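The structure appears right after this line, and notes come after that.
Bear in mind that the values in this text are calculations on the coordinates, not laboratory data. None of the values given here were measured: they were computed from a predicted structure. Because the Cβ atoms are built from the backbone with ideal geometry, glycine has one as well, and the counts that use them run over all protein chains shown.
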Amino acid sequence: MSQDTTALRGASGSIVIPEQERRFPDTPRDELDAALLTLHRRAPVWCALDAAARRQLLGELSRRTLEVAPEWVEAATAAKRIALGSTLIGEDWGSGIVQVLRNLKLLERTMQDIERTGRPQPPSLEVAPNGQVVAKVLPTDRMDTVLFTGFAAEVRLQPQVTLDQAEARIGRIYREDHEPAPGVALVLGAGNVSSIGPMDALYELFAKDHVVLLKMNPVNEYLTPFIARAFAPLVEEGFLRLVHGGAEVGAYLTRSELIDTIHITGSDKTHDVIVFGPGEEGRQRKEANEPVLDTPVSSELGNITPVIVVPGPFSDGDIAYHGDNIASMLVNNGGFNCIAARMVIQHGAWSRRDDLLEAIRASLRAAEPRAPYYPGAEDRWQRFVQAHPTAEWFGQAGPGRVPFTLIPGLDASVEDDIAFNVEAFCGVFGEVALDAPRSVPEYLEQAVAFCNDTLWGSLSASIIVHPRSLRDPEVAAAVERAIDELRYGSVVVNHWAAASYAFVSPSWGAYPGSPLNDIQSGRGVVHNTYLLEDVEKSVVRGPFRPPVKPVWFHNHAALHELLPEVARFTATRHPRSLAKLLVAAAKG
């Protein structure tokens, strides 16, 4: 990367990430063309497949995914350089295998609902007091109530949508009066989380009726043989193809006349090159909003994820718990998540602000060091700490090392600060204290404005609020206003903003409305297993301190035992797996 630190201040979005050293040769162009031709020919066959046949197919995909899971996780663990014997071996069981299996099983249930009633059946679909149509999507069944005690999620549709329209559009590709429109989707996979590519492909197939060419990201293309085996029925029937390659292969595929739609998970810079073209000509096209590509593009492109802490009567135990909670939002996957916590927002006058910061520091000191497996991480870290000499890091820096790093006391008035405008995509986050009046409602109003107007991105945000604070009607109303007014595709109360991704039944994607030439966190949604259309945002609520430690906490003592059992239970619902799961959860 050739930019200097001063050039980054005032930039926005993500830093261009250098290409990964290749493990696989690029798929030759004749093979790419053959794959596209097969998919094009098989697209009408896929569209003709009814819900019953798709349900049976999903069951087989689930069985095969569980079968290949140990090899999948072993490969991911090795690539991320996680030590043998580390509890972090459980990480890719959770972010990879469990996510794919939950997606498959929830889609299977949706297909069953369609067989039985003609449409998906979320727990409820109703009009909220403000007139907005809302679908309850979690818990999805009685077992969710047991496993996710105290958690609930809803999907809010865009304000102009009526209940009649929502009911008419939910899962409409499965209606008898729907006219099929066979198409080929190009899915450009992400390199950081092993479930993203497969789940994006599932959404194109089962929600949009598209067959899929999945181009693996060079960072995790080592997963190709495992995904191919897990999804073999789709591959064998010509409904899915997996290919390899870097930017040149991606550019070749996006220009193909046989591609009908494109979905990208990754960088806004990659999005802009695809949509507007590279170099100075691309920059000028973007400025004029004149795309070089007319193929529809959906995308999920990252975020400077805020964590808004509402002042309240936190005990010492609460402070310690949420120190671990917030630190874990960064530490997971070494900080290489588009939804890693990037900005902790506090009230400058809150008496426990420094206590919470110290709890976060203590948690970061105890975190297991992570290898900077994602390309360019050392360079990105250097740029942030050079811009902020007061940055505090926890662990050793140097070649092959990127310590977890906190930049406290940022000035909210410096709107062009790199920490507010550039996604670090490594183990770096910041903290800002807003000099709001002592009133909590006024602080929340200021925090929402800071998130919406200063921080880059529109993907997901967290709010942490003590239950006793919510007993005050003014504070409770202010929290609800904040949830309503945050322009993010997901808002998560008391937990990591990735919870919307993890539960799978909510929608996952950016807040709608970003123009192509200021794409922010992207367009469109994925997951959304009840197949809702016209989504505005998902809202997830969880207990301030759950009865068991969440599986994304970096200091969970039994992660390596718990998550394989979660995977097995998700796929099989076997009582033995449930018993083992509950025992391991209690060890956390």
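Cross-link check: pairs LYS136/LYS208; LYS549/LYS580; LYS537/LYS580; LYS105/LYS587; LYS80/LYS215; LYS105/LYS136 evaluated at a Cα-Cα cut-off of 24 Å; pairs beyond the cut-off: LYS537/LYS580; LYS105/LYS587. The computed Cα extents along the principal axes in Å for the structure shown corresponds, within [x] 63, 61, 49; [y] 64, 52, 51; [z] 85, 61, 48, to [y]. DSSP assigns beta bridges within segment 308-502; of those with both partners inside it, close to 20 percent run antiparallel.
DSSP beta bridges confined to the chain are antiparallel in about 35 percent of cases.
Take each peptide in 392-401, 555-564, 54-63, count the other Cβ atoms within 10 Å of every residue, and average; sorted highest first, the result is 555-564, 54-63, 392-401.
Contact order for segment 422-545, expressed relative to its length and based on alpha carbon pairs under 8 Å spaced 6+ residues apart, stands at 25 percent.
If you average the sequence gap of Cα pairs under 8 Å that are 6 or more apart and divide by the length of segment 308-502, what percent do you get for the contact order?
In percent, rounded to a whole number, it is 26.
Among SER521, SER86, the order by Cβ neighbours within 10 angstrom, fewest to most, reads SER86, SER521.
Applied to segment 299-313, the Karplus parametrisation 6.51 cos²θ - 1.76 cosθ + 1.60 on θ = phi - 60° returns per-residue 3J(HN,Hα) values of 6, 9, 10, x, 5, 9, 6, x, 10, 8, 9, 8, x, x, x Hz, with x for Gly and Pro.
Length gained on full extension, GLN160 to ARG365, computed as 0.36 nm times the residue gap minus the Cα-Cα distance: 69.0 nm. Between ASP33 and GLU19, the contour length at 0.36 nm per residue exceeds the alpha carbon distance by 2.7 nm. Computed extension length for THR572-ARG169: 141.9 nm, one decimal, from 0.36 nm per residue of separation with the Cα-Cα distance subtracted.
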